[in-house]
Structure formats: structure tokens, C-alpha cells
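Please treat every number below as a calculation from the coordinates, not as lab data. Just so it is clear, the structure is predicted and the values come from calculations on it, not from any experiment. Note: ideal-geometry Cβ built from the backbone for every residue, glycine included; neighbour counts use all protein chains shown.
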Amino acid sequence: MTDQLSRIVNLNDRCRLGLDRNARILITASCLAALATDNGTAAGILAQAAVMAAVRRYVFRPEDGAEHNRGELVVRAQIVRFKIDYYDPSLEWGSEDPADATLTTRVMTIMLPEDD
């Protein structure tokens, strides 16, 4: 693994684990609706907690790619995907260097397969 790839993997893992204060984590509305047991606020909060815990525990497979920037898992009997995209700090353009945390804001999107 190259130094640049190693830095990207480390930064992506920090994002996925909720340790990157600059990262954005988005869960699509359809994903939350599919995971919530009912339409109440508490059910939505519990669904968010369940999906975040599952993403944090995710074990990467070779088919997920070397950067640790995407994966697919099952949460509450529902297939869920996540992906991490790299943007400039203003979130207007793609990052010039995903291995440089000062030039990159990571956005992790958690979604259903049909949302992709």
C-alpha cells in the first residue's frame, strides 16, 4: 500500500468511525424510513443509531476497494450501502488531494441500494 493510499484509508476510517470533525454524514430519508419501526421521532433516532453502529463495525472485503470508501451491509434485515466522497473544504468541487485532510472534506452517504 502506498503512503498516499494509506493516508486515504486512515482518513476514511476516521470518517466512518465518526472521528473526523470536518466530515459530513448523511443518511437518506428512504434509508431511515426503511429502518425505522414506526414513524415516530424515537424510531428515527434508534434507526440512525443502529445504522451508524453497523457502519462503524463494518469489516471491509476486497471487492469494497482499497480506499475503504464504500461498503454494503445488512441492518435490520435491510441492505444498506455507504460511500465516502471527497470534496474541497467549501463542498463546491472535488478534492484536489483526498490524502490531505486540510484540502478535503469527506461526505459519507448512507443509503439504500436504490438511492445510489
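The table for this structure:
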quantity	calculated
Entry for Rg and Dmax of the Cα atoms in Å (calculated from the structure that is shown) out of [x] 15.1, 58; [y] 14.6, 47; [z] 13.3, 39	[y]
Summed residue charge, Cβ within 10 Å of S95's Cβ, Lys/Arg positive, Asp/Glu negative	-4
Long-range amide H partners of T105 with built H, under 5 Å	Y87, D88
Phi to ³J(HN,Hα) by Karplus 6.51 cos²θ - 1.76 cosθ + 1.60 over the range 65-78, Hz, x for Gly, Pro	x, 7, 7, 6, 10, 7, x, 9, 8, 10, 10, 6, 6, 10
222 nm mean residue ellipticity, helices alone, for the chain (DSSP H n ≥ 4; -39,500 (n - 2.57); rounded to 500)	-10500 deg cm²/dmol
³J(HN,Hα) computed for each position of the range 31-37 - Karplus, 6.51 cos²θ - 1.76 cosθ + 1.60, integer Hz, glycine/proline x	5, 4, 4, 6, 8, 6, 7
Amide proton proximity set for I27, modelled H, under 5 Å, gap of 5+	I110
